[in-house]
Amino acid sequence: MISDDQLIEQATAVLRGNDVEGYTKPSRRLYPHQWNWDSAFIAIGLAHVDWPRAVREIETLLSGRWTNGMIPHIRYNRAVEDYAPGPEWWPDVPVLDRRQVTSGISQPPVLPSAVYDVGMLQPDETRRRRWWAQLFLPLREFLQFFARERTVGASPLVVIVHPWESGADNSPRWDFATGRGFRPSRPYRRVDTTVVDAAARPTARDYDLYMYLVELIAAHRYDLAAYLPKTPFAVYDALFNAAWYRSALDLNRIAAALGQPPAVDAAALGAFRGAYRGMLWDEQAGLFRDFDVKGGTLIPVDTVAGLMAIYGGLADADESEKMIDAYYERSPGCLRLPSVPPDQGGFDPVKYWRGPVWVSINWMAIRGLQRLGLVSKAEDLRVQTLDLIRREGYSEYFHAHSGQGLGGNDFSWSAALTIDLLRRPEVPA
Ligand code: 9WN
């Protein structure tokens, strides 16, 4: 069997192979630009093997931030053309550094938490604090951007405006919007299905909605208030909001280390937690769900996003244990964690975010379980996740039943988070 050290060596080689001077592409051919939450996860892995390179990964990501504090989901590499949609679909983006080109939406805000982790992996406290001090303001602005410009009415929960913002693009949670015939006004091309098997990628109908929303958002200059009346897609995503809350907690830890007041104060945290638990919990499902802001209803689709309250620190140990046990029970014959349980309509064991297992999601669940003291549950998932990698390599995702590696090969976050799971089997609360 391949040893832990060999696994780490291979993972490091994957990250080096995807290195493009200052950023790490998620995979060699499928995703040639810099992605937001990918780089956050990648930095955690890099911090174990090359701390300055982890710092650089985050610096590069931050160079794409906007004047309003948003950190976009893609920072484009101008020299690369084989990804669609390219920057021409996102005109007039208000990037702080005008030399940069980016997309016009964001992604799950795991970055502040990653900066906390990367900092903790620097043993020299002075160096750590110096780095945190440089990043504190942009990270606070990033979180505040969502609180300021992505909330509706009195609720503090964050609205996502595109399935790509969820990071789980074709999740059956979003079928309520894909099924309605929205299409962009212009033709568009796809590159993804020329690189990997179309059966494991989103459908043409999914992409019609994605590109329709890109046009709508860009036409209203990225201002939610302007397109909210028109868009079919404005959602409180259970994973995204859990990531926001976790990042607020972690940024407050950074603030405390710097002797600064909290980035998000106790009253705001309490209101957010109350809203998340009050609005997104579905008693019958025994799981958190997502909320369709336009329709004013919970979206009746169960997925692994509903477990991410465990990662966020939004559920206690008893609740978390019940939730994850119930999820396992309804997923017989599946490896852990299927992104969608097989009894949920829309489940497909090979199709991207409709069933396959993802390393990032497992990592989030593992860290959440550990922080809650559910150590053996976390360990079980950690061992199973590493077994899958040992068997199949650093794939983008894995068949929900057989574990066969799917999507892009040599996938950066699978490699980076494997390094973290091996080098840091447990994290303290
Ligand atoms: C669109 C890069 C990204 C991930 C997302 C994943 C996928 C892009 C795509 O790849 O999305 O953003 O082209 O399919 O869904 O989570 O960040 O790895």
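The values are calculated or read from the model by the stated rules, or taken from the named source; none is laboratory data. This is a predicted model, so every value here is computed, not measured. Note that each Cβ is placed from the backbone with ideal geometry, even for glycine, and that neighbours are counted across all protein chains shown. Heavy atoms of the whole protein, side chains included, go into the accessibility calculation; ligands, DNA and RNA do not. Shrake-Rupley method; radii C 1.70, N 1.55, O 1.52, S 1.80 Å.
Just a few scattered comments:
- Given charges at Cβ of Lys, Arg, Asp, Glu: the chain dipole, positive-most of L386, Y245, T151: T151
- Equivalent-ellipsoid semi-axes for segment 1-67 (Cα gyration tensor, √(5λ), whole Å, largest first): 23, 13, 9.
- Among the trypsin sites (Lys or Arg not before Pro) in segment 12-104, those placed in a DSSP loop whose Cβ has at most 11 other Cβ atoms within 10 Å are R78, R98, R99.
- Accessible-area ranking of S185, S402, S106, largest first, probe 1.4 Å: S185, S402, S106
- The chain - mean residue ellipticity at 222 nm from DSSP helices (-39,500 (n - 2.57) per run, n ≥ 4, rounded to 500): -14500 deg cm²/dmol
- Shape category assigned to segment 312-401 from the gyration tensor of Cα positions, a/c cut at 1.5: oblate
- Per residue value of the accessible surface for segment 1-130 (all protein chains in place, 1.4 Å probe), Å²: 39 Å²
- Whether the chain is rounded, prolate or oblate, judged on the alpha carbon gyration tensor where a/c under 1.5 counts as rounded: rounded
- Across the alpha-carbon atoms of segment 259-413, the computed radius of gyration and Dmax are 16.4, 50 angstrom.
- Eligible lysines near K377 by straight Cα distance, threshold 26 Å, same-chain separation 8 or greater: K322
- For segment 341-416: accessible area per residue (Å², 1.4 Å): 28 Å²
- For V159, the solvent-accessible surface with a 1.4 Å probe is about 0 Å², rounded to the nearest 10.
- Value of Rg to Rh for segment 95-199 (Rh from inverse mean 1/r over Cα pairs, i.e. Kirkwood): 1.06
- For A400, the shell of other residues with beta-carbons less than 11 Å away shows a net charge of +2, using +1 for Lys and Arg and -1 for Asp and Glu.
- Gyration tensor verdict on segment 29-73 (Cα atoms; rounded if a/c is under 1.5, prolate if a/b is larger than b/c, oblate otherwise): oblate
- In terms of accessible area, using a 1.4 Å probe and ignoring ligands and nucleic acids, T203, T102 rank largest first as T203, T102.
- The local environment of I71, defined by Cβ-Cβ distances under 11 Å, has a net charge of +1 under the rule Lys, Arg +1 and Asp, Glu -1.
- Excluding same-chain neighbours fewer than eight residues apart, the lysines reachable from K230 by a Cα-Cα span under 25 Å are K294.
- Accessible surface of the chain, 1.4 Å probe, proportion on carbon and sulfur as whole %: 50 percent
- Extension gain (nm, one decimal) between R29 and D265, 0.36 nm per residue minus Cα-Cα: 80.7 nm
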